[in-house]
Structure formats: structure tokens, C-alpha cells
Amino acid sequence: MTNKVIYPGTFDPLTNGHLDIIQRAANMFDEVVIAVAASPSKNTMFSLEERVKLAQQATQAMPNVSTKGFSGLLVDFARDEKANLLVRGLRTTVDFEYEFGLTNMYRRLLPGLESIFLTPAEEYAFLSSTIVREVAIHGGDISNFVPKVISDAVKSKVSP
Ligand code: ADP
């Protein structure tokens, strides 16, 4: 069995904080699958296909990282992938409460699925996709917070 982990999220869009977690996971495990959730209840800036493509482009230099989109339950995706480990990022105590609840639910839905939590470098502790979108919508420069391919895509989305 390979040492495979799934890193799930909406990634709308993927930020340098996400990349930091992906790099840490890629250093620790044989294979990292970025699982981009359809998240139909979120009014996303980018479609699922766009988010998958951007995540792929942002991680193309990482040989043991791949990206897949999924809709429906994460536990079903994990079962299909034959993976029993999830990686989640913890920024502050605010994330902790939410993540703790999610983990307990995943355990009920799929016993044996374990979650591990990684913290990013401190400069990313307050970085979120929401903040990146807000700054960009109001004309701010996001190039220090996301990979170049993503800042280009966000710019053309907000001012086509
Ligand atoms: P979700 O819709 O699941 O919250 P996100 O794309 O916002 O999806 O986040 C995916 C995962 O990445 C979550 O575990 C989240 O806590 C984590 N994350 C988001 N931003 C950062 C960051 N700046 N540093 C570390 N982890 C992060």
C-alpha cells in the first residue's frame, strides 16, 4: 500500500497557504491527491473545472502531487481512491473548532479514515481564499499571496 493522502478543499482559488501545506504533505507522504470539492452550496468565483486546472498548474513542479475534482461526499471519494488519510490545514484556533467537527463526522461516515493536521508557515496563518478574492475584487494586488498562474486567472476574472 502506498502512503497516499488526500488534501480536500474548495480551493477558490488555491493560495500560497494551501501550497505550503501541499509541500509539507508531499515531503512526508509518497503521494498527495488534491481533492477539489464541487462545493455547490458555495457561490464560487471559479468553476470546478477551473479550480482543478489552476491547482494542477500551480503544483506541476511537484512530482508526487496530483489533482482531482469530486462532487458528493468526501468519504466516498476517499473510498474510491483507496486512501485512508486526509490532510487538513490548521491556521488558528478558529480553524480548530470547524476541523474538529468535520473530523468527527468523517469518522462516523467512514471508520478508519484518519485526519492529520498541518500548520503553515506563520506568514500564511491569516491567508484565506476569501481574503484573496475580496482584495482582488476591490482592485488590490494579490501577487504575493497566490502563485502567478492564479493571480493572472483571478485578475482576468475580476476585470475581463
Ligand atoms: P474548505 O472549503 O474545505 O474550507 P479551503 O479551500 O478554504 O476549503 O481550505 C482547504 C483546507 O486548507 C482547509 O483545511 C483549510 O483549513 C486549509 N487552509 C486554507 N488556507 C490555509 C492557509 N493559509 N494555511 C494553511 N491551511 C490553509
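The values are calculated or read from the model by the stated rules, or taken from the named source; none is laboratory data. A quick note: this is a predicted structure, and the numbers were derived from the prediction, not measured. Positions of Cβ are backbone-derived with ideal geometry, glycine not excepted, and every protein chain shown enters the neighbour counts. Keep in mind that these areas ignore ligands, DNA and RNA; they rest on the heavy atoms of the full protein, side chains included. Shrake-Rupley method; radii C 1.70, N 1.55, O 1.52, S 1.80 Å.
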Residue tally, condition surrounded by 15 or more Cβ atoms within 10 Å (Cβ to Cβ) and either assigned to a helix (DSSP H, G or I) or within 10 Å of the ligand (Cβ to nearest atom) (or both), over the range 109-124: 6
Unmet criterion (only one of (1) open to solvent by less than 90 Å² (accessible area, probe 1.4 Å); (2) at pLDDT 95 or above) for Tyr106: (2)
Residues of the range 81-94 classified as farther than 15 Å from Pro111 by Cα and either out of contact with any Leu (no Cβ under 9 Å at 6 or more places or on another chain) or surrounded by fewer than 16 Cβ atoms within 10 Å (Cβ to Cβ) (or both), total: 4
Residue among Ile142, Ile150, Ile137 that alone is in contact (Cβ under 8 Å) with a residue 12 or more places away in the chain, under 21 Å from Ser39 (Cβ atoms) and open to solvent by 50 Å² or more (accessible area, probe 1.4 Å): Ile137
Filter result for the condition that a residue is within 15 Å of the ligand (Cβ to nearest atom), out of contact with any strand residue (DSSP E or B) (no Cβ under 7 Å at 6 or more places or on another chain), at pLDDT 95 or above and not aromatic (Phe, Trp, Tyr), over Leu86, Leu54, Leu48: Leu54
Filter pass, Asp76 being out of contact with any His (no Cβ under 8 Å at 6 or more places or on another chain), at pLDDT 95 or above, open to solvent by 80 Å² or more (accessible area, probe 1.4 Å) and away from the ligand (no atom under 13 Å from the Cβ): no
Some residue of the range 73-84 being among the aromatic types (Phe, Trp, Tyr) and either in a helix (DSSP H, G or I) or within 16 Å of Asp30 (Cα to Cα) (or both): yes
